[in-house]
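**Q** The structure's right below; bear with me while I get my questions together.
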Amino acid sequence: MLEPAEWAAAGIPLLRNPREVVTGLHSRHLPRPSTAVIAVLDPEERLAASASFTRRGSSAADGWEFRNALLAQLRRVIPHDLRRRTPVRTAVLLYCREGESQWTEEDGAWMWGLRDACTLHGLRCGAYITLTRAGWQVLGEGRGGRRPHSASLHSRLDTATATGDGVTTAVPYPRGEAHEALRRSAAV
């Protein structure tokens, strides 16, 4: 587990536009509480690959388990960069959870897991972002926003329709096997 001070002292690169990253990952994966979204960004901070998965069970936060889960997802969506002298791609983690937006021990375990998974996959460790009812927050940086949040209306790429009374509503995302496949692993 990493404490917030350790994370801040680790020299994690800042995202140029965290709102764009969060909004893009949210619209692509539609995370619900207990969903982790791991994303790999290229040097220009464009999305190279991403995958999402849901944390099962209510066992104690374990950085080793989180690291293994993150590594498994990374291996599914993008080849490792272990042959490079220095990493050129950056992995960021968005974790959607219940509760307050302040740091928790579970966040510390996710941070440790992200840092270790990045090392083992040859990536730079990037931002750890939480998504709660209060909004999103890049932990260790103090940057955040109110939208999207964990209770955001889930829609596909923010497509909306206007009803007769002038109210705009989201078009629901299609359900079924195709939706699950897209939600679980969205490689770009």
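The values are calculated or read from the model by the stated rules, or taken from the named source; none is laboratory data. The structure displayed is predicted, hence computed values, not measured ones. So basically every Cβ, Gly included, is an ideal-geometry build from the backbone, and we count neighbours across all protein chains shown. Side chains included, ligands, DNA and RNA excluded: accessible areas come from the protein's heavy atoms. Shrake-Rupley method; radii C 1.70, N 1.55, O 1.52, S 1.80 Å.
**Q** Sort 24-33, 39-48 by packing, meaning the average of other beta carbons within 10 Å per residue, with the highest value first.
**A** Going from most to least packed, we get 24-33, 39-48.
**Q** Something else: Tabulate in residue order the Karplus-calculated ³J(HN,Hα) for the stretch 67-74, using 6.51 cos²θ - 1.76 cosθ + 1.60 with θ = phi - 60°, rounded to whole Hz; enter x for Gly and Pro.
**A** 4, 5, 5, 5, 4, 4, 5, 4
**Q** Please calculate the 1.4 Å probe accessible area of Tyr95, with all protein chains present, and give it to the nearest 10 Å².
**A** Approximately 0 Å² of Tyr95 is accessible to the 1.4 Å probe.
**Q** For the stretch 79-128, which GluC sites (Glu not before Pro) are in a loop by DSSP, counting at most 15 other Cβ atoms within 10 Å?
**A** Qualifying residues, ordered by number: Glu98, Glu100.
**Q** Take the alpha carbon gyration tensor of the stretch 75-122, find the square roots of its eigenvalues, order them as a ≥ b ≥ c, and report rounded if a/c is under 1.5; if not, report prolate when a/b exceeds b/c, else oblate.
**A** Verdict is prolate for the stretch 75-122.
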